[in-house]
Each structure stands twice: as C-alpha cells, then as structure tokens.
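These notes concern the structure reproduced below.
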Amino acid sequence: MRRMNAPCEFLSPLLRGLTLGVIASGAVLSGCATPPSPALVAELAPTGRLRAAINFGNPILAQKTARGEPAGVSVDLSHELGRRLGVAVELVTFDAAGKVVSALKDAVVDIGFVAIDPVRGVDMLQTQPYVIIEGAYLVRQDSPIRSNDEVDRPGRRIVVGRGSAYDLYLTREIKAATLVHAPSSPEVTNFFVAQQLDVAAGVKQQLQADARRLPGLRLLDGRFMVINQAMGLPKGREAGRAYLERFVEDMKRSGFVADALARHGIEGAVVAP
C-alpha cells in the first residue's frame with residue numbers, strides 16, 4: 001500500500017494502530033495527517049490560490065510538454081500541496097532560479113523549488129531537500145582539461161547561469177579561474193560555444209543533453225558539487241515552513257517523489273534521504 005487519500009477519522013482503529021508499522025516499512029498513508037487549519041492555509045496561500053514558482057531553467061524539476069504546458073516533479077508536488085490545502089494552484093513559470101528567488105523574496109509567489117544555499121537562505125525560508133542532483137563541467141573534446149581539479153587554473157574562464165546554485169557555489173569556491181555569466185542556466189552551453197570559453201558549469205543532465213545535441217563536446221567525469229533541492233517560501237511564514245517540512249518528508253517516504261521522477265523520465269537525480 002503506497003497511499004490512501006481518506007482522512008484519518010475514516011480509518012478503522014486497527015488501521016490507525018498499524019500506521020506506525022506501515023511508515024516504518026517504507027509506506028505511508030499520505031493525506032492522513034490532521035487537515036490544515038484555516039490560519040495555516042491563509043499563511044501558505046494568502047490570495048486564496050497557491051502560487052507556485054516553476055523553473056524551466058532546471059530540466060530535472062520542470063519541462064514543457066509538447067503543448068507548452070509545465071510538467072515535472074515540481075509541478076506534481078505543487079498540485080499535491082494544493083490538494084491537501086484545499087486551494088487552486090496557479091503555476092507561475094520562470095526561466096532561471098535567480099528569478100524564482102527574487103519572486104519568493106518579494107512574496108509574489110507562495111512556494112518555489114530551489115537549491116539550498118546560505119545566500120538564498122537570507123531572503124527565504126527553506127525545507128529539507130526532497131531531491132539531490134549533481135553539478136558537472138562541460139569542455140570541448142580537444143580541451144587539455146581532463147578532470148574537475150584542473151578547472152580552477154589561472155586564465156581559464158568558466159561560464160555559469162547567473163544567480164544559479166552553481167553560480168553561488170563557484171563564486172565562493174573558485175580561486176584562480178574567472179567566472180563568466182550567461183543570462184540563465186539553459187543558455188550556458190550555447191554561450192560557452194559562441195564565446196569560445198574554457199568550461200561550462202551546470203546541471204549534469206542538461207549538459208549531457210547539450211553534449212549529445214552539439215558535436216565536439218564532452219563532460220568531465222564525476223561532479224564538482226551536489227545540489228540539494230528544497231521547497232522555499234517567503235520569510236515570516238514559519239508555520240507554513242513547518243507544514244512544508246512534514247509535507248516534503250511525507251512525499252519522500254510515500255514514494256511520491258520517486259514516482260514523479262520515474263514518470264517524467266528524469267535521470268541523474270535521486271530522492272533525498
């Protein structure tokens with residue numbers, strides 16, 4: 001048994017007694033928690049609709065369907081949260097994580113899906129991670145760079161999407177090379193090729209797709225960082241964050257996140273422990 005949508009009050013005493021054992025075995029009765037109070041719903045969805053920021057800049061989180069509609073694990077989580085809160089969901093789309101962060105900071109959206117980073121934590125509240133993904137480097141086939149530890153050398157130029165998790169991380173970590181900013185993460189590889197730069201940095205899955213799309217490119221083995229993707233919300237909504245923390249853990253335990261990744265054909269990401 002993976003999920004039951006029935007409220008707890010409709011479960012038999014015997015089934016309620018078995019709940020802890022079911023959770024311990026890896027299954028969970030999703031939707032069985034105490035219904036959220038009107039005050040909590042008002043905090044998470046103050047306009048009466050749950051405004052969810054969807055970032056097309058990270059293909060692991062969201063993509064466009066053939067009809068141009070948002071799809072992906074972040075979309076599925078948004079709709080499930082809205083269902084539990086009893087409110088309609090409004091998907092607000094962006095092309096870069098930095099824009100999602102700004103929208104959360106200004107409270108023009110109610111939830112977002114962004115990488116955990118101390119800089120971002122200044123302007124928003126975040127849950128524990130629900131998905132872990134990898135950051136990788138891309139170079140030309142004839143590049144002398146053979147490993148990740150050869151990237152940070154004087155004279156080398158690394159292109160990264162402005163405001164992305166990789167930008168924030170490399171800004172702290174790179175000592176000798178120079179960072180160059182593309183407008184957004186999806187534009188990194190094209191920018192890298194057009195500007196004849198030395199290294200492109202970004203989501204491993206996106207760079208793998210770019211290497212298949214454009215001849216003469218290769219990924220360096222391994223990863224240069226691990227990205228913990230979490231749910232974020234505007235500051236001042238502490239009760240909302242506590243609810244989202246429980247929601248995220250339920251979505252992981254129940255198999256909801258794993259099912260969503262599989263359903264959307266996502267590789268290169270794993271459910272956070």
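Assorted remarks:
- Theoretical gain in end-to-end length, Ser102 to Lys64 [0.36 nm per residue, Cα-Cα removed]: 11.5 nm
- FRET efficiency estimate (nearest 0.05) - Cβ-Cβ, Arg218 to Arg49, R0 30 angstrom: 0.10
- Against the empirical 2.2 N^0.38 Å (N residues), the chain has a Cα radius of gyration ratio of 1.09.
- Summary value for the chain: 25 percent relative contact order, contacts being C-alpha pairs under 8 angstrom separated by 6+ residues.
- Of the residues Thr171, Thr65, Thr127, the one that moves most in a GNM of the chain with alpha-carbon contacts below 10 Å is Thr65.
- Distribution of pairwise C-alpha distances over the stretch 134-226, 10 Å bins, in %: 18, 60, 21, 0
- Packing-based ranking of 73-81, 146-154 yields 73-81, 146-154, ordered from highest to lowest mean Cβ neighbour count within 10 Å.
- Cβ-Cβ FRET estimate between Glu150 and Ala258, R0 fixed at 30 Å, reported to 0.05: 0.25
- Working from the Cα coordinates of the stretch 153-194, the gyration tensor eigenvalues give, after taking √(5λ), semi-axes of 17, 13, 5 Å in decreasing order.
Rule-based calculations on the coordinates, nothing more; no lab input. Computed from a prediction, not measured in an experiment: that's the story for all the values here. We place every Cβ from the backbone using ideal geometry, glycine too, and count neighbours over all the protein chains shown.
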